[in-house]
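I have placed the structure first, in the form of structure tokens, so that the comments after it can refer back to it.
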């Protein structure tokens with residue numbers, strides 16, 4: 001089968017991008033991304049989009065700077081399901097790490113659900129090391145529009161950035 005190469009750009013995610021990001025999931029999740037964009041506007045975070053020539057995001061992720069002193073915390077990392085395992089997540093994480101370095105910080109941290117071994121394997125391939133565990137929870141939207149509390153356990157991971 002011939003290989004198709006599509007150029008990708010990485011840029012700041014904008015509120016105007018959100019209507020084209022329904023692949024992310026529920027309206028509740030998109031609202032949390034919109035909230036993260038407000039933190040980016042205040043300089044407390046970065047939120048990135050990976051886009052093909054169409055300009056529509058096929059992956060996105062954020063970096064928060066307030067929660068962990070001296071580090072950037074990667075969060076809300078997502079790649080369109082049809083494009084997973086194509087290297088896009090790696091590009092996104094590398095761009096997020098560069099944003100952290102650009103702020104003069106030398107460590108990236110993230111949480112990964114213990115029920116997501118595929119994501120953890122990616123992070124380990126990129127040099128992240130587990131250092132702890134913690135419970136996590138958030139509201140999720142059911143098919144009928146009601147909210148339910150989702151509870152899980154996350155592995156805490158970090159990477160020193162040269």
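The values are calculated or read from the model by the stated rules, or taken from the named source; none is laboratory data. These numbers come from a predicted model, not from an experiment. So basically every Cβ, Gly included, is an ideal-geometry build from the backbone, and we count neighbours across all protein chains shown.
Which one is farthest from the chain's Cα centre (by Cα), of the residues in the range 39-53 that are at pLDDT 95 or above and crowded, with 17+ Cβ neighbours inside 10 Å? So, considering only residues that are at pLDDT 95 or above and crowded, with 17+ Cβ neighbours inside 10 Å, the one farthest from the chain's Cα centre (by Cα) is 51.
With the requirement that a residue be touching a helix residue (DSSP H, G or I) at 6+ places or on another chain (Cβ under 9 Å) and surrounded by 14 or more Cβ atoms within 10 Å (Cβ to Cβ), what does the range 115-129 give you? Correct list: 119, 122, 123, 126, 128. Restricting the range 59-91 to residues that are surrounded by fewer than 16 Cβ atoms within 10 Å (Cβ to Cβ) and touching a strand residue (DSSP E or B) at 6+ places or on another chain (Cβ under 7 Å), the residue that is farthest from residue 154 (Cα to Cα) is 70.
For the range 13-22, state whether one or more residues are surrounded by fewer than 17 Cβ atoms within 10 Å (Cβ to Cβ), in contact with a helix residue (DSSP H, G or I) (Cβ under 7 Å, 6 or more places away or on another chain) and in a helix (DSSP H, G or I). Walk me through how you get there before you give the answer.
Here is the first cut: in the range 13-22, the residues surrounded by fewer than 17 Cβ atoms within 10 Å (Cβ to Cβ) are 14-16, 19-20, 22.
Checking which are in contact with a helix residue (DSSP H, G or I) (Cβ under 7 Å, 6 or more places away or on another chain) leaves us with 15.
So of that shortlist, the ones also in a helix (DSSP H, G or I) come out as 15.
Checking the range 13-22: at least one residue is surrounded by fewer than 17 Cβ atoms within 10 Å (Cβ to Cβ), in contact with a helix residue (DSSP H, G or I) (Cβ under 7 Å, 6 or more places away or on another chain) and in a helix (DSSP H, G or I).
Can you find a residue that is under 23 Å from residue 68 (Cβ atoms) and out of contact with any strand residue (DSSP E or B) (no Cβ under 7 Å at 6 or more places or on another chain) anywhere in the range 142-162? Scanning the range 142-162 turns up at least one residue that is under 23 Å from residue 68 (Cβ atoms) and out of contact with any strand residue (DSSP E or B) (no Cβ under 7 Å at 6 or more places or on another chain).
Restricting the search to the range 39-51, which residues are outside any helix (DSSP H, G or I), touching a residue at least 12 places away in the same chain (Cβ under 8 Å) and over 26 Å from residue 86 (Cα atoms)?
Quick first cut of the range 39-51, residues outside any helix (DSSP H, G or I) only: 42-51.
Remaining after also requiring touching a residue at least 12 places away in the same chain (Cβ under 8 Å): 44-51.
Hits for the range 39-51 are 44, 45.
For the range 1-12, taking the residues that are touching a strand residue (DSSP E or B) at 6+ places or on another chain (Cβ under 9 Å) and surrounded by fewer than 16 Cβ atoms within 10 Å (Cβ to Cβ), the one that is farthest from residue 47 (Cα to Cα) is identified as 9.
The strands (runs of 3 or more DSSP E) falling completely within the range 64-162 that include 2 or more residues that are without any contact (Cβ under 8 Å) to a residue 24 or more places away in the chain map to 129-141, 147-160. Does residue 36 count as buried (at least 16 other Cβ atoms within 10 Å of the Cβ), in contact (Cβ under 8 Å) with a residue 60 or more places away in the chain and out of contact with any helix residue (DSSP H, G or I) (no Cβ under 6 Å at 6 or more places or on another chain)? Criteria not met by residue 36. Please verify whether residue 56 is touching a helix residue (DSSP H, G or I) at 6+ places or on another chain (Cβ under 7 Å), without any contact (Cβ under 8 Å) to a residue 40 or more places away in the chain, surrounded by 16 or more Cβ atoms within 10 Å (Cβ to Cβ) and not in a strand (DSSP E or B), treating the condition exactly as stated. Considered against the rule, which asks whether it is touching a helix residue (DSSP H, G or I) at 6+ places or on another chain (Cβ under 7 Å), without any contact (Cβ under 8 Å) to a residue 40 or more places away in the chain, surrounded by 16 or more Cβ atoms within 10 Å (Cβ to Cβ) and not in a strand (DSSP E or B), residue 56 comes out as no.
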